[in-house]
Amino acid sequence: MEAAERILEGFDGILQVDGYQGYHRLARPKRKGGVPLRLAACWSHSRRKIIAATPKAGSPIAEAVLARIAALYAIEKEIRGADAPARQTTRNERSRPLVAEL
């Protein structure tokens, strides 16, 4: 993790991360090399955790969450290749409400 701290020294913003817990130190108030970063979790890792926690008999809650994640994936597929402002607008209008419901 010290290597990541060196690479990200001076960076201020959002860092997309996987499930590795070591990244949490980059979001701490006393982060070395800059202000605390905002961590953006990866939906595929979240999805895998939900699938792993779903009982064999199924779960309506897990199915609803997975359906919302699938809808987020579909939105991303639609906007792939669009410019950054267009992607941001679509995410604010369509993805943000889905995430808020979760």
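Below are the figures for this structure:
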| read-out | value |
| --- | --- |
| Pairs, first assigned by TED's automatic domain parsing to the domain that holds Arg96 in segment 61-82, second surrounded by fewer than 12 Cβ atoms within 10 Å (Cβ to Cβ) and not in a helix (DSSP H, G or I), C-beta under 6 Å, six or more apart | Arg68/Leu102 |
| Among residues of segment 81-102, those that are loosely packed, with under 10 Cβ neighbours inside 10 Å and farther than 27 Å from Ala62 by Cα, counted | 4 |
| Qualifying residues in segment 1-25 (those that are in contact with a Phe, Trp or Tyr (Cβ under 9 Å, 6 or more places away or on another chain) and surrounded by 14 or more Cβ atoms within 10 Å (Cβ to Cβ)) - the one modelled with the highest pLDDT | Leu15 |
| Qualifying residue in segment 36-52 (condition: in a helix (DSSP H, G or I) and over 28 Å from Gly13 (Cα atoms)) | yes |
| Subset of segment 10-68 [under 11 Å from the mean Cα position of the chain (by Cα) and not small (Gly, Ala, Ser)] | Ile14, Leu15, Gln16, Val17, Asp18, Arg38, Leu39, Cys42, Trp43, His45, Arg47 |
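The values are calculated or read from the model by the stated rules, or taken from the named source; none is laboratory data. Small disclaimer: the values here were computed from a predicted structure and weren't measured. Every residue, glycine as well, gets a Cβ built from its backbone with ideal geometry; the counts of neighbours run over all protein chains shown.
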